[in-house]
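Down below is the structure, laid out as structure tokens.
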Amino acid sequence: MGNGQHEVHLNLNVRGLPVSATLGINEESNRLLAEGQQIYKLGLGQSPFPVPGPIVRELQNNAHQKDYLPVRGLPALCEAVAGYYRRTQDLPFLGENILIGPGSKELMFILQLVYYGDLVIPTPSWVSYAPQAHIVGRHVRWLQTDAKNNWLLIPEELERLCAGDPTKPRIVILNYPNNPTGCSYSEEQLQGLAEVARKYRIIMLSDEIYGELNFSGGHRSIARYYPEGTIVASGLSKWAGAGGWRLGTFAFPAELKWLLEAMAVVASETFTATSAPIQYAAVKAFQGGAELERYLVHSRRILKALSDWIWQRLSAAGLNVAQPDGAFYMFPDFEPLREKLAERAINNGDELCRRLLQETGVAILPGNSFGRPQNELTARLAFVDFDGARALAAAEQIAADLPLGDEFLGQYCEKILAAIQRLCDWLE
């Protein structure tokens, strides 16, 4: 096949793909803000909290680091990541089986590039999984979930897909706490999924980027139950507030080292290596310590208090809402109000979100951006539009065993509360 044919094939894969929905809503919100409108940015899921002080100081101390680092990552960082999983999840990862990249998003793309197989995604899911597969030319198989199961994948659904073609190679993405729902899996649910994955030799990509934001602090990885076939993805963007730093991690079992090596070859010809100063700083992040643990405890407290407040208000307004277990998302279903909304010429998620933004200034994303049916009245909101540094400083002055009440939220998360109140009033 000549170069021209390659170019035609690439163009066909990319043609028609829109800008990532989360980035698109952020750009639209910023445009309206620049025009002087009051906008409540519940669209983009960016951590509101500052990067923890110890990590920032390490970056400052290593700003002089200018050499190319090994493709797989700074050895000290790889060891720190492996040690983090041994310490927090009792997973026997080794430094030699860690891959560092400029964001977990890039590593996910390379994984699909080197592994020939279908991408299996429970819906709803994060907005970039499927477009990446489309760019690479992989088939996407959507697995349906149900609101009554908190939009989580059940083993029976995975079994049904695999039984039809039991030898087909597949990557299944499991993301929890989940974007866009905030829901997570119990130990029993993970064990059930692991059993099916082992039966069909599935490669499980466990996207645990929000793991440290499980409100209870008790996140469990499916790699505990299916260690030989699970790649665990994480990074600094969500729990450490460092999305713009672009550092992601993949942890491989020894059985999948061949896959790591294939990805490292592609990495060597694409991004070469992740930024050196950021890798040196990330060592401190994955080593942990008392200051970082305190940061996490109070981050979780604030997010849980906000999540509980929003969930109660939206439920009282008549929406079906799965109660989140972590992260900073919620996935309300407006279906109970379909007739009422239809009277206002609102019949799907796109119309719902467009009208909500126009009439209230509240920016959220429709469920179809996350793989749900076009006519469904679901949407995702991200409750991050507040000053995280200010809220953290205030939370640290309140004993960790005490709840953060409405007075705290009203003082430090006022824009979120105002946005939810506007949404509820708009529904009346």
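Just so it is clear, none of the values below were taken in a lab; they were calculated from the coordinates. Being a predicted model, the structure only gives us computed values, none of them experimental. All Cβ positions, even for glycine, are placed from backbone atoms using ideal geometry, and neighbour counts span all protein chains on display.
Summary table
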| quantity | calculated |
| --- | --- |
| Descending Cα extents along the principal axes, the stretch 111-181, whole Å | 35, 27, 15 |
| Inter-label distance for ARG201 and TRP258, nm, one decimal - labels placed 7 Å from Cα along Cα-to-Cβ | 0.9 |
| Selection of chymotrypsin sites (Phe, Trp or Tyr not before Pro), the stretch 51-95, meeting DSSP coil and at most 10 other Cβ within 10 Å | TYR68 |
| DSSP loop trypsin sites (Lys or Arg not before Pro) with at most 12 other Cβ within 10 Å: longest gap in the chain | 67-343 |
| Neighbourhood charge, 15 Å Cβ-Cβ cut-off, centred on PHE49 and excluding it, Lys, Arg +1 and Asp, Glu -1 | 0 |
| Space enclosed by the convex hull of the alpha-carbon atoms of the stretch 190-344, per residue, Å³ | 183 |
| Size descriptor, Kirkwood hydrodynamic radius, that averages inverse alpha-carbon separations across the stretch 266-351, Å | 17.2 |
| Using a Förster distance of 35 Å, the FRET efficiency for SER315-ALA34 (Cβ separation, nearest 0.05) | 0.50 |
| Label-to-label distance, nm, for residues given as THR272 and GLU159 (7 Å Cα→Cβ offset) | 5.1 |
| Estimated translational D of the stretch 53-289 in µm²/s (Stokes, Kirkwood radius over Cα pairs; 20 °C; 1.002 mPa s) | 119 |
| Cα-centred dipole magnitude for the stretch 252-378, charges only on beta-carbon of K, R (+1) and D, E (-1), debye, nearest 20 | 400 |
| Neighbour cut-off at most 11 other Cβ (10 Å), DSSP loop, GluC sites (Glu not before Pro), the stretch 319-419 | GLU343 |
| Enclosed volume per residue, in Å³, of the convex hull spanned by Cα atoms of the stretch 68-110 | 77 |
| Exposure proxy order (Cβ contacts within 10 Å, fewest to most) of ILE121, ILE135, ILE346 | ILE135, ILE346, ILE121 |
| Gain on full stretching of the segment that runs from ARG390 to GLU293 - 0.36 nm per residue minus C-alpha separation | 33.1 nm |
| Computed lengthening from ALA400 to GLU339, 0.36 nm per intervening residue step minus Cα-Cα distance | 17.5 nm |
| Rounded to the nearest 20 debye, dipole of the chain from Cβ charges on Lys, Arg, Asp, Glu | 520 |
| Size descriptor, Kirkwood hydrodynamic radius, that averages inverse alpha-carbon separations across the stretch 36-83, Å | 14.5 |
| Net lengthening on full extension, HIS139/CYS424 (0.36 nm per residue, minus Cα-Cα) | 98.6 nm |
| Cα-based Kirkwood hydrodynamic radius, the chain, one decimal, Å | 22.4 |
| Rounded Å value of the spacing that divides the Cα centres of the stretch 114-142 and the stretch 294-369 | 26 |
